[in-house]
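The values are calculated or read from the model by the stated rules, or taken from the named source; none is laboratory data. No experiment lies behind these values; they were computed from the predicted model shown. Note that we place each Cβ from the backbone using ideal geometry, even for glycine, and neighbour counts take in every protein chain shown. Protein only, heavy atoms only, side chains kept; ligands, DNA and RNA dropped before computing areas. Shrake-Rupley method; radii C 1.70, N 1.55, O 1.52, S 1.80 Å.
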Amino acid sequence: MSAVDDAIETRTPSGDPAFTYAYRPGLLPEPHGRLDMWRYRRLLPGCPEQPRFPLPVGGTPLHPWPAAAAGEPRLWIKDETTGPSASNKDRATALVIDAGLRRGAAVVTTSSTGNAAIATAVGAAAAGIDAVIFVSTECLPGKVQQMVASGAHVFRVREGYRAAFELSRAAAERFGWIDRNTGANPLTIEAKKTVAFEVWEQLGRRVPDAVAVPVGDGPTLVGLAKGFRELLACGATDRLPRIIAVQADVCAPLAARWRGEAAGALDPAATAADGIAVPIPSIGDWALDEVRIADGCFVTVTEEEIADAVRELRDTAGIPSEPAGAASLAGLRRALAEGTVPPDAECVALVTGADLPPTTQSRPRRPGSVHTISAADLDGLADTLAELDLPRTAPLDVAVA
């Protein structure tokens, strides 16, 4: 029986959906060979030997820190800026769209603070399907332009990011679209866990002592932690790395909960790290669970620390990180300074995305567009979609064929 046959959908203690497998060493690939996301298809639900998604995804570099400071003798940077849309969101996009293509879907939707939407737009254009994106009116204009350049139809939602998330989910259900919303579709978690598998292989099939990861909604952290837990379940390691979860000082709802404190005023607009500026994380409970399981912790970082990390990644390692991605390095520095991570620990900082995504090389099926809408106006959305002449299908769920 294959891993695909063995995969079942279960629930985490916090109630979130998660795929599990009949774990054993044989689910992991043999050493060597091409390093990409599809290499781990036996630990990806329903993933065929030949995926339909056309872009190369995964296999991102793990860089040794070129000029380690005192107390950082073994620091590595997992650089997710090298993918099709220059962020780790490419992994989730690839697995979700691949599953949708095998079920005949013609439109994919997501909500996002920016990077997931860009990855969805780029992936949809390459796959020859349409993308309908929902963002807050506060989404950076440059990111919206990237989406439109890839042919996406972007709806700016007046009521903010959470409302955009709910509207995207409602539209997916009503119009039969692929729902790529991170945290809502469990395939997004499955895809993101492949980062952990790659780190394990790139370190010579061993895990580091600690991994620092930026946290907004929570799925990047959850996917990473789940990947390390699955390596443990397969007998590939005898321990888990500590998870250092990083949030910006001005918008740190999960860090406050971790410390048992009131979150206080949350100001997403006050941080340059817009990718993690999420006041109501979609799977926050699950993220907190994973940090506890990994004997990890939450740290928060200032805007100055984030900016310093951006400059250092650029000048020292040649990595053009956006602020949210650089928060991992800033958070690791904070954890080292506070003594949460020992100075001789081997650490990995996950840089989740680039500051300026590249212009897509994919040719969209049709020109993109931008609209502004209220979250309650699903009928108005339907009218606009009719004018755009987007295809509709029977409602799709997230089950894997």
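Couple of notes before you dig in:
- Any hit, the stretch 77-87, residues being under 19 Å from TRP200 (Cα atoms), touching a Cys at 6+ places or on another chain (Cβ under 6 Å) and either assigned to a helix (DSSP H, G or I) or in contact (Cβ under 8 Å) with a residue 40 or more places away in the chain (or both): no
- Filtered residue count, the stretch 168-182, keeping only those that are under 20 Å from ARG102 (Cβ atoms) and in contact with a helix residue (DSSP H, G or I) (Cβ under 8 Å, 6 or more places away or on another chain): 6
- Near pairs, Cβ below 7 angstrom, 6+ apart or cross-chain, from the stretch 266-293 (open to solvent by 30 Å² or more (accessible area, probe 1.4 Å)) to any residue that is of a type in the set (Asp, Glu): ALA269/GLU138; ALA272/GLU303; SER282/ASP217
- Top-ranked residue of the stretch 6-49 - restricted to ones that are outside any loop (DSSP other than H, G, I, E, B), in contact (Cβ under 8 Å) with a residue 60 or more places away in the chain and not charged (D, E, K, R), ranked as surrounded by the most Cβ atoms within 10 Å (Cβ to Cβ): MET37
- Applying the criterion of being of a type outside the set (Gly, Ala, Ser) and closer than 14 Å to HIS153 by Cβ to the residues of the stretch 126-138, the residue that is surrounded by the fewest Cβ atoms within 10 Å (Cβ to Cβ) is ILE129.
- All positions within the stretch 139-149 that are over 17 Å from PRO279 (Cβ atoms) and open to solvent by 10 Å² or more (accessible area, probe 1.4 Å): LEU140, PRO141, GLY142, LYS143, VAL144, GLN145, GLN146, VAL148, ALA149
- Contact map, the stretch 319-337: residues that are in contact (Cβ under 8 Å) with a residue 60 or more places away in the chain and open to solvent by 10 Å² or more (accessible area, probe 1.4 Å) paired with residues that are part of a helix (DSSP H, G or I) and polar (S, T, N, Q), Cβ distance under 8 Å, separation 6+ or inter-chain. Pairs shown: PRO320/THR81.
- Hits in the stretch 204-229 (condition: in contact with a Leu (Cβ under 7 Å, 6 or more places away or on another chain) and either open to solvent by 10 Å² or more (accessible area, probe 1.4 Å) or among the polar types (S, T, N, Q) (or both)): ARG229
- Only one of the numbered conditions (1) among the aliphatic types (A, V, I, L, M); (2) touching a Cys at 6+ places or on another chain (Cβ under 8 Å); (3) on the phi > 0 side of the Ramachandran plot is not met by LEU95, and that is (3).
- Single residue of THR60, THR110 found to be assigned to a strand (DSSP E or B), at pLDDT 95 or above and among the polar types (S, T, N, Q): THR110
- Condition check for ARG169: closer than 30 Å to ASP79 by Cα and either among the aromatic types (Phe, Trp, Tyr) or open to solvent by 10 Å² or more (accessible area, probe 1.4 Å) (or both): no
- Selection over the stretch 150-162 of residues that are open to solvent by 40 Å² or more (accessible area, probe 1.4 Å) and more than 16 Å from THR109 (Cα to Cα) gives a count of 2.
- Of the strands (runs of 3 or more DSSP E) lying entirely inside the stretch 268-384, the ones with 2 or more residues being touching a Phe, Trp or Tyr at 6+ places or on another chain (Cβ under 9 Å) and of a type in the set (A, V, I, L, M) are found at 346-351, 369-373.
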